[in-house]
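The values are calculated or read from the model by the stated rules, or taken from the named source; none is laboratory data. Remember, it's a predicted structure, so these values are computed and weren't measured experimentally. Neighbour counts run over all protein chains shown; Cβ positions are idealised from the backbone, glycine included. Just the protein is used for accessible areas: all its heavy atoms, side chains included, with ligands, DNA and RNA removed. Shrake-Rupley method; radii C 1.70, N 1.55, O 1.52, S 1.80 Å.
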Amino acid sequence: MKIDAIWFLGPRCVGVRQVEVGAPGPFEVQVEVKACGICMGDIFTFSGKEERSYPFIAGHEGVGVITEVGSEVRGFACGDKVALSEGG
């Protein structure tokens with residue numbers, strides 16, 4: 001499935017590009033994002049005050065609804081409302 005994403009293309013330069021999103025893996029869920037925050041790190045990078053490799057997708061603090069659940073995921077189901085954050 002292809003989705004539209006906002007990309008930072010360079011300092012003070014943004015654009016919309018399509019991204020291919022595959023099915024979730026066994027321990028992943030797929031979320032239809034309804035809203036996404038832009039953090040201060042993104043703002044500093046956009047303004048050129050912080051160096052980063054371009055291009056990259058803007059935002060990583062989304063909220064949305066689970067649309068697909070991996071085979072090993074427990075405790076979440078399609079239709080659940082969730083908040084997301086960048087993690088590792």
> Quick one: with all protein chains in place, what share of the accessible area of the stretch 1-57 is carbon or sulfur, to the nearest percent (1.4 Å probe)?
Replying inline: 58 percent
>> Can you give the FRET efficiency to the nearest 0.05 for ARG12 and SER85, using r as the Cβ-Cβ distance and R₀ = 30 Å?
In response: 0.70
>> Given a 1.4 angstrom probe, what's the average accessible area per residue across the chain, in square angstrom?
In response: 69 Å²
>> What number results when the radius of gyration of the chain, computed over Cα atoms, is divided by 2.2 N^0.38 Å?
In response: 1.22
> What is the chain's relative contact order, in percent, from Cα pairs under 8 angstrom and six or more apart in sequence?
Replying inline: 31 percent
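Can you check what the net charge comes to around VAL29, using other residues whose Cβ is under 14 Å from the Cβ of VAL29 (Lys, Arg +1; Asp, Glu -1)?
Values: positive: ARG74, LYS81; negative: GLU28, GLU32, GLU68, GLU72, ASP80.
Once all neighbours under 14 Å are counted, the net charge is -3.
Net charge within 15 Å of VAL73 by Cβ-Cβ distance, Lys/Arg positive one each and Asp/Glu negative one each, not counting VAL73 itself?
-3
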> Label points 7 Å out from Cα along the Cβ direction at GLU28 and ARG74: separation in nm?
Replying inline: 2.2 nm
>> Per 0.36 nm of contour for each residue apart, how much would the distance between VAL65 and ARG52 grow if the chain were fully extended, relative to their Cα-Cα spacing?
In response: 1.7 nm
